[in-house]
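Working notes, structure below.
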Amino acid sequence: MSKNKGVNDLETAIHNTSEIGRLRRVLLHRPGQELENLMPEYMERLLFDDIPYLQEAQREHDAFADCLRQSGAEVVYLVDLVAASLTDDAVKQELVRQFLDEAEVREQRAREMLSELFLSLPNREMVSQMMAGVRKSQLRETDQARLKDYLAATAGDYPFVIDPMPNLYFTRDPFATIGRGVSIHKMHTKTRNRETLFAKFIFKYHPEYKSVPRWYDRGETTSLEGGDILILSPEVLAVGISQRTQEDSIDALADTVLTDSPTFKKILAFNIPKTRSFMHLDTVFTMVDRDKFTVHPNILNDITVYVMELDENRKMKIRQEEGRLEDILKEHLGLDKVTLLRCGEGDEIDAAREQWNDGSNTLAVAPGEVVVYARNYVTNRLLEEHGIKIHTIPSAELSRGRGGPRCMSMPLWREDL
């Protein structure tokens, strides 16, 4: 029996049936102390290429949030949703216990001190502290500090007892809203997998979101990330087979979505290069209007797509297709014409530079209306020439994390087209 049997009749707080429907509610995370805990020696471990300047990153992120509000969207913040999910002391203690387990804090004295630190804080401050990570030096600041705690704070070279979570402002990846349900992910790297614990508590305990059906759960053994999931229509879902999303995960997602969703009939699994520059499908391919898409020029050669559907007996069938991206999109979306807008206008140098700063990673707030980084002016000019209304936001610091406006947002509610 389907594990979500009957959920299609429930009213939920999630509604997302396209990439371009008018955006009405969106989840963001304002960068915080976790960026101040980045160090040059450990950037690679934490998936960063550079260290953003926090105050400027926050100003840029506030401009992003204001832009979304001015376009008609309600902005909600991750820290607030998690805090509101801690509905009683037992739930708060459960989060602390699981958080310490997943942070691999095994030494009993350290667990006791960290539990004391977290549980002494109001909910919102506790969640922010979890996100920021904990420096060894903080362990000696509790009321129960002992001499060994002072020594432990200076032992070894690594300065943290719990790593910071600097990738949190890319809210697209830990979970994805699909139709009226959600997929909570198993992330590709240990560094980011703790992020999905916050999603678990939101969709388990938050009064508004606890009834949302799940298409995929973080307990799976292979990785799936939200940047690889694009909702092309109420019937067609695209998923990237990428550096960070594995085929077994797509099988599991397809089985649940196609079986339990009332609208989705087909999943297109795009096989893209497994490199950091092609990290997710949405770094090389996003939808900006009903028949217009931004693309990186390097995926314009023949691309392999696996079409996943249920047959008349509700059994999965898969067929392989190869061809031009525009032909594949026209066929499966029922369009007469598709326009592919090349990042950097297809110029080898401009495309490489603007792709590095996520020129293809746009966030649609309505059909033909998108948010983009101001720095990608070549691609932005091309969008405007093709009738796309653009809202530019500053990005000198935000872009250092290698993610654009789509990466930094998770739509919770879009209007249907």
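State in Å² the accessible area per residue of the range 183-334; use a 1.4 Å probe, count heavy atoms of protein chains only, and round to the nearest integer.
Working: 5660 Å² over 152 residues.
Computed with neighbouring chains in place, this is 37 Å² per residue.
Karplus-derived 3J(HN,Hα) values for the range 205-210, using 6.51 cos²θ - 1.76 cosθ + 1.60 with θ = phi - 60°, are 10, 4, x, 8, 10, 6 Hz; glycine and proline are entered as x.
Taking every DSSP beta bridge that has both residues in the chain, what percent is antiparallel when rounded to the nearest 5?
Working: 33 of 55 bridges.
Percent antiparallel among DSSP bridges in the chain is about 60.
Result for the chain in a Gaussian network model with C-alpha springs under 10 Å: among 266, 136, 200, the largest mean-square fluctuation is at 136.
Taking every alpha-carbon pair under 8 Å whose residues sit at least 6 apart, the chain reaches a relative contact order of 22 percent. Compute the Cα gyration tensor for the range 251-298, then decide on rounded, prolate or oblate, letting a ≥ b ≥ c be the square roots of its eigenvalues: rounded whenever a/c is under 1.5, prolate when a/b is larger than b/c in the other cases, and oblate in all that remain. Oblate, since a/c reaches 1.5 and b/c is not below a/b.
A crude spin-label estimate for the pair residue 312 and residue 271, with each label 7 Å from Cα along the Cβ direction, gives 3.0 nm.
On the range 347-399, 52 percent of the accessible area sits on carbon and sulfur atoms, based on a 1.4 Å probe. For the range 188-314, the gyration tensor built on C-alpha atoms gives an oblate shape. Its axis ratio a/c (a ≥ b ≥ c) is at least 1.5, and a/b is not larger than b/c. For the range 164-203, rounded, prolate or oblate, judged on the Cα gyration tensor with a ≥ b ≥ c (square roots of eigenvalues), a/c < 1.5 rounded, else prolate if a/b > b/c? Prolate is the answer for the range 164-203, as a/c is 1.5 or above and a/b outweighs b/c. Note on the range 55-214: with charges restricted to the Cβ of Lys and Arg (+1) and Asp and Glu (-1), its dipole about the Cα centre is near 520 debye.
How long is the gain from residue 210 to residue 386 if the chain were fully straight, where each residue apart is worth 0.36 nm and the alpha carbon distance is subtracted?
Numbers: separation 176, 0.36 × 176 = 63.36 nm, distance 4.15 nm.
Length difference between fully extended and current span is 59.2 nm.
For the residues 23, 325, 268, a GNM of the chain with alpha-carbon springs under 10 Å puts the largest fluctuation on 325. Surface exposure of the range 9-53, expressed per residue as accessible area with a 1.4 Å probe, stands at 45 Å².
Model label points for residue 104 and residue 62, set 7 angstrom from Cα along the Cα-to-Cβ axis, are 3.8 nm apart.
Checking the Cα-Cα distances for 266/337; 92/190; 204/330 against a 31 Å cut-off, the pairs over it are 204/330. Within the listed set 180, 192, 106, the Gaussian network model of the chain (springs between alpha-carbon atoms below 10 Å) gives the highest mean-square fluctuation for 106.
Length available on full extension from residue 321 to residue 337: 0.36 nm per residue minus the Cα-Cα distance, which gives 3.9 nm. Listed values (1) 21.5, 73; (2) 22.7, 71; (3) 21.4, 67 include one computed from this model; for Rg and Dmax of the Cα atoms in Å that value carries the label (1).
Assuming charge only on the beta carbon of Lys and Arg (+1) and of Asp and Glu (-1), the dipole of the range 195-297 about its Cα centre is about 180 debye to the nearest 20.
Protein heavy-atom surface of the range 166-314, 1.4 angstrom probe: 44% of the accessible area is carbon and sulfur, with nucleic acids and ligands not counted. Taking the Cα centre of the chain as reference, the dipole from Cβ charges on Lys and Arg (+1) and Asp and Glu (-1) amounts to some 720 debye.
Could you give the accessible area per residue of the range 337-405, probe 1.4 Å, as a whole number in Å²? Intermediate results must be reported in sequence, preceding the final value.
On the way: 2580 Å² over 69 residues.
Computed with neighbouring chains in place, this is 37 Å² per residue.
The values are calculated or read from the model by the stated rules, or taken from the named source; none is laboratory data. Nothing here was measured: the structure is a model prediction, and the numbers come from that model. Glycine gets a Cβ as well: all are built from the backbone with ideal geometry, and neighbour counts include every protein chain shown. Side chains included, ligands, DNA and RNA excluded: accessible areas come from the protein's heavy atoms. Shrake-Rupley method; radii C 1.70, N 1.55, O 1.52, S 1.80 Å.
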